[in-house]
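The values are calculated or read from the model by the stated rules, or taken from the named source; none is laboratory data. For clarity, every value in this text was computed on a predicted model and none was experimentally measured. So basically every Cβ, Gly included, is an ideal-geometry build from the backbone, and we count neighbours across all protein chains shown. The area values use the complete protein model at the heavy-atom level, side chains included, leaving out ligands, DNA and RNA. Shrake-Rupley method; radii C 1.70, N 1.55, O 1.52, S 1.80 Å.
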Amino acid sequence: MSKDETLGEALRRQGVTRRGFLKFCAATASMMALPPSMVPVIAAALESARRPSVIWLSFQECTGCTESLTRSHSPTVEGLIFDSISLDYHHTLQAASGSAAEAARETAMEENHGKYILVVDGSIPTDNPGYSTIAGISNRDMLEEAAKGAAAIVSVGTCAAFGGIPAAKPNPTGAVSVSDLVHDKPIINVPGCPPIPVVITGVLAHYLTFGTIPELDDLKRPKAYYGKSIHDRCYRRPFYDKGLFAETFDDEGARKGWCLYKLGCKGPTTYNACATVKWNEGTSFPIESGHPCLGCSEPGFWDGGSFYSAISTPTEDIPKAAVYAVGAGAAAGVALGAMNRAKKQKSVDAHEKVTIDDLDKEK
Amino acid sequence: MTETEFLLWVRGPALQIATIVFVLGIVARILQMVMLGRKANLAEARGSALAGGLRTMVTRSVPDKGTFQRSTFTIVSGYIFHIGLFVTIFLFAPHILLVDEVFGLSWPALPTPVVDATAVVTIITLLAVLIHRLKDPVMRFLSGFSDYLVWLVTFLPLLTGYIAFHRIGLSPTMLIALHILSVELLMVLFPFTKLMHTFSLFIARYYNGAIAGYKGVHS
C-alpha cells in the first residue's frame with residue numbers, strides 16, 4: 001500500500017464496491033446526524049483523502065480496544081477504512097519489532113509533524129515510570145513527545161479517556177487519562193470498555209471529511225455517538241416505564257425481557273451508542289443479551305458501586321444505622337421527657353398558694 | 001471529588017448520617033411529646049376516650065363546611081400536594097426498589113408517566129401555595145423563616161427528581177446525586193421543623209378526640 005494511494009483507490013483495490021462505500025458514507029452521515037446532502041461530500045472527501053498517518057500508542061491497557069476494532073469476522077467497510085489509514089506505529093499490530101518499530105514511529109512523527117493523528121489506548125502511570133515502559137521509554141514521555149506533533153489525539157477506550165480500570169481505587173500506578181496530561185491539543189475521547197468499532201471509524205471519517213474534530217460533549221466525547229443515554233434508546237425502556245423489572249437473571253421477568261434496572265443496569269447514567277449501533281456487526285448489545293449495562297463509557301465506572309445493585313440504592317448499611325438511631329433516639333427522648341417532667345414537678349413544688357392576705361398586701 | 005465519587009458519598013455516608021438524624025430526631029421528639037402526658041381526669045367517664053381519639057384521627061381529615069368555604073384554596077391545594085407527594089414518593093418504581101433493597105418491602109408501582117404528570121401537578125401546586133403564602137397578608141404575617149425553609153426542602157426533592165428523571169442540564173450522575181442530597185436535607189431538617197406534623201398531627205388529633213370522647217361529646 002503506497003502512502004500516496006488515496007482512500008478510494010485503496011478501498012477499490014481491496015474489493016469494496018462503490019455501492020458498499022456509499023452505504024458506509026450514508027450510514028456515517030446519519031449516525032453523525034448530518035443531513036443527507038452531506039453524503040456526497042463525505043464520499044468525495046474520503047475518496048480523495050490521502051491516507052493519514054496514524055500513530056497508535058498503547059499504554060496501561062488490555063488490548064481489548066484493539067481487539068474490538070480489528071476482530072471483525074468478515075472484512076467490513078469500517079475494517080477496510082481502518083486498514084486504509086497509514087497505521088505507522090501500533091506495537092500489537094505492526095510486523096516490525098524492537099528498534100525497527102521505534103524507528104518507524106520516529107520516522108512517522110518526523111515526516112508528518114503536525115499532521116498525524118495520535119491514537120492512544122490505555123492509561124498513563126504517573127507514579128513510578130517503570131510501571132509501564134515501551135523500548136525503555138516511559139509512557140508519559142512517549143505520550144508527551146508524540147502529542148507535540150499531533151494534529152489531534154483520539155483517546156480510545158475508557159482507560160485513555162478517563163483512566164479506566166488502572167485508575168480504579170486504590171490506583172496503585174497513579175494512572176491518569178490522556179487529557180490529564182495533554183492540554184494543548186484537540187482531544188477526542190472515545191470511551192468504552194471497549195468502544196464500539198464504528199465509533200472510531202466514524203470519528204476518523206469525520207476528520208478526513210471536514211478536517212475538523214466532531215462536536216464533543218463536556219467529557220470530550222463525540223455527541224453523535226454519546227449524545228443519548230443507553231436508557232433513552234433502550235428497547236426495554238417501555239418495561240421501565242411500566243414498572244416491570246427482572247428480579248433475578250432467571251425469573252419470569254428476565255425471560256420476558258423486562259427492564260434490568262433492578263439488576264444494576266447503569267443505562268440511565270451511561271451515554272453511548274450501544275443501544276442503536278449495537279455490537280458484532282449489529283447483532284445485539286449487552287442488555288439485549290440479558291445483562292445490565294455496566295456503564296463502561298463513563299468516568300469512574302469501576303468505582304461506581306456494584307455492577308449488580310441499582311444506581312439509586314444505598315451503598316452503606318442503612319437498616320443498621322436506623323436501628324442504632326432508634327435506640328439512641330429512645331434514650332434521648334426519655335432523657336428529654338424526664339427533664340421536662342422534672343421541670344414541671346419543680347414548678348409545681350415552687351407553686352405558692354395566694355391567700356386573701358397576700359392580695360391585701362397589694363393595697 | 002468526581003461526579004461518581006459524589007454520587008457514592010451521597011448514596012453511602014451522607015445517607016447514613018441523614019438516616020441517623022432523621023430516625024433519632026423523630027423517635028426522641030415523639031417520646032418527648034408523649035411523655036409530657038396529661039393531667040389525670042378525675043371526672044367520671046361519659047364515653048370512650050380511645051374510641052373518640054381514634055375516630056377524630058380520621059374525621060379531622062374531612063374539612064367542615066364552614067372551614068372549607070373560608071379557606072377553599074388552602075384545603076384544595078393542601079390535599080393536592082399531599083396526595084401528589086404520596087404518589088411521587090411511594091408509587092414511583094425506583095423509589096419502591098430503594099425501599100425493597102433496604103427493608104425488603106415491596107408493593108406495585110404506578111406507570112412512570114402517571115407519576116411524572118403527578119410530579120408536575122405537585123410542583124405547580126407547591127408554587128401556588130408559596131405565592132398564596134406571600135400574597136395573603138395574614139399568612140405572610142404568620143410565616144417565619146422556618147416556614148419558608150420547610151417549603152423549600154419539600155420542594156427541592158420534587159424539582160430535582162423531576163429534572164433528574166428528564167435529565168435536563170447536568171449529567172445524569174450529578175442529577176441523581178443532587179436529588180438524593182435534597183432528600184437527605186429534608187431528612188435532616190424533618191425532626192426539628194414543622195415537618196414533624198407528619199407524626200404529631202395524629203397525636204394531636206388523638207388527644208383532642210380522646211378528651212371529647214371521655215366527656216361523651218363529638219370533637
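Structure notes:
- Normalised size of the range B:3-215, defined as Cα radius of gyration per 2.2 N^0.38 Å with N residues, equals 1.19.
- Ordered from highest to lowest accessible area with the whole protein assembly present and a 1.4 Å probe, A:F307, A:F301 read as A:F307, A:F301.
- For chain B, complete DSSP H runs whose alpha carbons reach 20 Å or more along their own long axis and whose mean Kyte-Doolittle score is 0.5 or higher are B:13-36, B:72-90, B:112-135, B:145-166, B:172-189.
- Mean sequence separation of contacting Cα pairs (under 8 Å, at least six apart), scaled by the length of chain A, corresponds to a relative contact order of 13 percent.
- For the range A:197-280, the relative contact order works out to 27 percent when only alpha carbon pairs closer than 8 Å and six or more residues apart are counted.
- Rounded to the nearest 20, the size of the Cβ-charge dipole of chain B about its Cα centre is 1100 debye, with Lys and Arg at +1 and Asp and Glu at -1.
- Of B:V120, B:V102, B:V58, the one that fluctuates the most in a GNM where chain B has Cα springs shorter than 10 Å: B:V102
- Surface accessible to a 1.4 Å probe, B:F86 within the full protein complex, Å²: 110
- Distant-in-sequence amide H partners of A:A150 (H built 1.01 Å from N, under 5 Å): A:G114
- Which of B:V129, B:G169, B:L158, positive extreme of dipole for the range B:106-205 (C-beta unit charges): B:V129
- For chain A, cysteines whose Cβ has no other cysteine Cβ within reach (under 4.7 Å): A:C25, A:C62, A:C65, A:C159, A:C234, A:C259, A:C265, A:C274, A:C293
- Under the span-like rule (Cα at least 30 Å along the axis, Kyte-Doolittle mean at least 1.6), DSSP H helices of chain A: none
- By a 1.4 Å probe calculation restricted to protein chains, A:K278 has an accessible surface near 50 Å², given to the nearest 10.
- Chain B: relative contact order in percent, alpha carbon pairs under 8 Å with at least 6 residues between: 42
- DSSP beta bridges in the protein assembly as shown [antiparallel fraction, %, rounded to 5]: 30
- Comparing A:S297, A:S97, A:S86 in a Gaussian network model of chain A (Cα springs below 10 Å), the most mobile by mean-square fluctuation is A:S97.
- Mean partner shielding of peptide B:170-176, defined as the number of other chain Cβ atoms within 10 Å of each residue Cβ, is 5.
- Among A:R237, A:R51, A:R13: highest mean-square fluctuation, GNM of chain A, C-alpha pairs under 10 Å: A:R13
- Between A:Q94 and B:I168, the FRET efficiency estimated from the beta carbon spacing at R0 = 51 angstrom works out to 0.60.
- Surface accessible to a 1.4 Å probe, B:W107 within the full protein complex, Å²: 80
- Peptides A:245-251, B:22-28 ordered by average Cβ neighbours within 10 Å, highest first: B:22-28, A:245-251
- The alpha carbon centroids of the range B:17-84 and the range A:29-64 are separated by 68 Å.
- Where labels lie 7 Å past Cα in the beta-carbon direction, separation of A:K228 and A:K169 in nm: 3.5
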